[in-house]
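Here, each number is a calculation from the coordinates, and none is a lab measurement. A quick note: this is a predicted structure, and the numbers were derived from the prediction, not measured. No Cβ is skipped: glycine too gets one built from the backbone with ideal geometry, and neighbour counts run over all protein chains shown.
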Amino acid sequence: MNPSLRPLPDPGAELPLPFPEAAPSPPPPPAAPADYWDHCPNCGARLHNAGCKYRCPRCHYFMSCADFD
């Protein structure tokens, strides 16, 4: 038998994936309760301090100084 000719797989059989599925990455560690104000309430990204405003680089949320009082 010619080695390049292989029998067709059973149509009902599952074919193996060419690459194994990547394991899901572990969730990020929870933020410490003391620094909750450093994280965006919309998406959870770390806020950047820009003068008198905290800005989110991911969703563009911001808090002004008036929000801190």
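Can you figure out the FRET efficiency of SER64 with TYR36, using R₀ = 22 Å and their beta-carbon distance, to the nearest 0.05?
Working: r = 18 Å, r/R0 = 0.80.
With R0 = 22 Å, the Cβ-Cβ based efficiency is 0.80.
May I ask for the net charge around ALA45, where only other residues with Cβ less than 14 Å from the Cβ of ALA45 are counted and Lys, Arg are +1 while Asp, Glu are -1? Present the calculation step by step, with values, prior to reporting the outcome.
On the way: positive: ARG46, ARG55, ARG58; negative: ASP35, ASP38.
The answer is +1.
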